[in-house]
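Enquirer: Got a structure for you, written out below as structure tokens; questions coming shortly.
The values are calculated or read from the model by the stated rules, or taken from the named source; none is laboratory data. None of the values given here were measured: they were computed from a predicted structure. Neighbour counts run over all protein chains shown; Cβ positions are idealised from the backbone, glycine included. Ligands, DNA and RNA are excluded from the accessible area calculation, which covers all protein heavy atoms including side chains. Shrake-Rupley method; radii C 1.70, N 1.55, O 1.52, S 1.80 Å.
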Amino acid sequence: MSANDRRLLSLKVRVAYPGFSLGVDRDIELAGVTGLFGPSGGGKSTLLRIVAGLEECAEGTVIYDGEEWQTDSSFLPAFRRPVGYVFQDARLFTHLDVKENLEFSLERRPVDGGISFDEVVSAMGIEPLLHRHTDALSGGERQRVAIARTLLTNPRLLLLDEPLAALDVGRKREILPYIEALPKRFGIPAIYVSHSVSEMARLADDIVVMEDGRITAAGPATSILNRDDMQSSALPFEAVSILEVRVLEHLEALHLTRVDHHGQRITVPIMKSIPQGDKARLSVRAGDIVIATEEPRGLSVRNTLPGKLLSVSEQSDSAFSMVAVDVAGTTVKAQLTHHAVKELGLRPGTEVFVLIKTASFDRGA
Amino acid sequence: MPDLGPLWLSLALAGVTTAILLLVGTPLAWWLSGTSSRFKPVIEAVTALPLVLPPTVMGFYFLIALGPASPIGSFWMRVTGDALTFSFSGLVVASVFYSLPFMVQPLQTAFESIGRAPLEAAATLRASPSDAFFSVAVPLARRGFITASVLSFAHTIGEFGVVLMVGGNIPGKTRVISIAIYEHVETLNYAAAHVLSAGLIIFAFTVLLFVYGSGRGKPVHVR
């Protein structure tokens, strides 16, 4: 999406329930996928429901792309808002088969044209499912049908509420490429709710962080996910590093993809959904990284990246230290034992090699 | 062969009553299933009253409320030129109230078990509330509708006390099957009473078998 595809979502909303309150006053620029990220119970889904008009007790204003959806004196009901909402539990209509579920949207969309039935069916790969009953679908298939059904309403804003949360790793792997391709293919800005760092790293261009019903941070995905203060907060972060790369080639026979990271070559499990030459984000857990002071030989590890050690921070009450290494301009975090740090003599400025197994880049979950 | 007039009258009464109950009971059940109003328990209690009251209590008050001296009865008299008590219309009014819980409770349960989730989904797919009601809630509550209609119909067929008090025993007008049986027994015409009674038992059993049997054992494909 180009810059002029940016849409402004202007929120000034509050809602209070026993034991929970939410207050958000912020303008959010939406383009591509915006991740709404934070711990469970932090109000992410509630905020999404407010935007969709499903929380009628919410007060305040919601303005999207210049359209007033909610003000102090008006409330556009959910069925009049041009949003597409994908629920965590898919919510397919069980009295209709797959095709009829899709037609439900088609029959009710205000204007003809826009996203076509065939286009959506092929984009979501659900052609073989059309005449199945909804009971006969797997979790991943159900979610793909739900996304297709939502797209057919011609939404101008897509809201995805933890669409993968109810799926096991295998199903996530099956459906992620479809979601990943959505913004480019259909040009609709999306807000994607999740508490999974790897989903965020993979899908989100920008990230809005929500905790205790408040927005606590917002910005480009890489900088938000790499921020040190994020790692130590109460967020569900396991320490990860995000590498921005460009796809060089897909090695189909080997099921691998070679990417470029600022001149360094990295090999990752194949990610066919991203075309050659396109950018991608990789996430790797700090616990999956090995640090060497000399270039090792005879190892199965495919990725050996030279870097310079930036800092060592001891994590009290544990066996581990968090080591930050500058790798071609990206800060990569590695979780090492105090013992290893001491024995290798690691200190800021040390030239090291960062070793990452290809399997650590598995982008399934 | 006994006179089958009372049978047809019972079927007509039950049919009309069930049709009216569908129109009245559906919105009431829908409202009860979704409201958090403080009047909800009051309405629920009123709806359930016919389940616990002796039919004679209801019949007694219907007789007073629908009688020619009452506002309702005299209004009816002016509009139709006929009395509401001891008439088929009066039986319909009484039956609607008497069978109300048999329509409202299964429907309310059905609507409640559907929950808000499918309706929210319908709203995000541009379905207005009334559209969502007819195209999502009603088809999903299909089994509830069948159960409620069958029970209302059957319960109306089986009523006796209310009918006797409000309608009396006028052949072709208010002598429904249960009254006819009573009449046969009183006049020691046991053969005719047997035919009608055994017929009712078979009818009731068939209906209940249908209610309990429907929707069970339906193959559900889950992978």
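Enquirer: Just give me the residues in the range A:147-176 being surrounded by 21 or more Cβ atoms within 10 Å (Cβ to Cβ), part of a helix (DSSP H, G or I) and either modelled with pLDDT of 85 or more or more than 16 Å from the chain's Cα centre (by Cα) (or both), in sequence order.
Expert: A:Ile147, A:Ala148, A:Arg149, A:Thr150, A:Leu151
Enquirer: Identify, please: which residue in the range A:50-67 is assigned to a strand (DSSP E or B) and among the charged types (D, E, K, R) and is, among those, nearest to the other protein chains (Cβ to nearest Cβ)?
Expert: Checking each candidate, the answer is A:Glu67.
Enquirer: How many of the residues in the range A:122-141 are buried (at least 21 other Cβ atoms within 10 Å of the Cβ) and aliphatic (A, V, I, L, M)?
Expert: 4
Enquirer: Then there's this: What is the number of the single condition among (1) farther than 25 Å from A:Ser198 by Cβ; (2) of a type in the set (A, V, I, L, M, F, W, C); (3) in contact with a strand residue (DSSP E or B) (Cβ under 6 Å, 6 or more places away or on another chain) that A:Val33 does not meet?
Expert: (1)
Enquirer: Sticking with this structure for a sec: Residue under question is B:Ala204, and the condition is that it be assigned to a helix (DSSP H, G or I) and either within 14 Å of chain A (Cβ to nearest Cβ) or exposed (fewer than 15 other Cβ atoms within 10 Å of the Cβ) (or both); does it hold? Break it down into steps so the answer makes sense when it comes.
Expert: On the way: assigned to a helix (DSSP H, G or I): yes; either within 14 Å of chain A (Cβ to nearest Cβ) or exposed (fewer than 15 other Cβ atoms within 10 Å of the Cβ) (or both): yes.
So B:Ala204 passes the test.
Enquirer: Within the range A:319-365, which residues are open to solvent by less than 60 Å² (accessible area, probe 1.4 Å), farther than 14 Å from A:Asn226 by Cα, among the hydrophobic types (A, V, I, L, M, F, W, C) and not in a helix (DSSP H, G or I)?
Expert: A:Ala319, A:Ala328, A:Leu336, A:Leu346, A:Val352, A:Phe353, A:Val354, A:Leu355, A:Ile356, A:Ala365
Enquirer: Could you list, in sequence order, all residues of the range A:94-132 that are at the interface with chain B (Cβ under 9 Å from one of its Cβ atoms), over 25 Å from A:Pro177 (Cα atoms) and not in a helix (DSSP H, G or I)?
Expert: A:Thr94, A:His95, A:Leu96, A:Arg109, A:Pro110
Enquirer: Separate question: A:Gly23 fails exactly one of the following numbered conditions: (1) in contact (Cβ under 8 Å) with a residue 60 or more places away in the chain; (2) more than 13 Å from A:Arg214 (Cβ to Cβ); (3) open to solvent by less than 50 Å² (accessible area, probe 1.4 Å); (4) assigned to a strand (DSSP E or B). What is the number of that condition?
Expert: (2)
Enquirer: I'd like to verify a number: residues in the range B:13-48 that are free of Cβ contacts under 8 Å to residues at least 12 places away in the same chain and aliphatic (A, V, I, L, M), how many?
Expert: Total satisfying the criteria: 5.
Enquirer: Then there's this: For the range A:68-92, which positions are assigned to a loop (DSSP other than H, G, I, E, B), more than 20 Å from A:Arg7 (Cα to Cα) and over 27 Å from the mean Cα position of the chain (by Cα)?
Expert: A:Asp72, A:Ser73, A:Ser74, A:Pro77 - these are the residues of the range A:68-92 that are assigned to a loop (DSSP other than H, G, I, E, B), more than 20 Å from A:Arg7 (Cα to Cα) and over 27 Å from the mean Cα position of the chain (by Cα).
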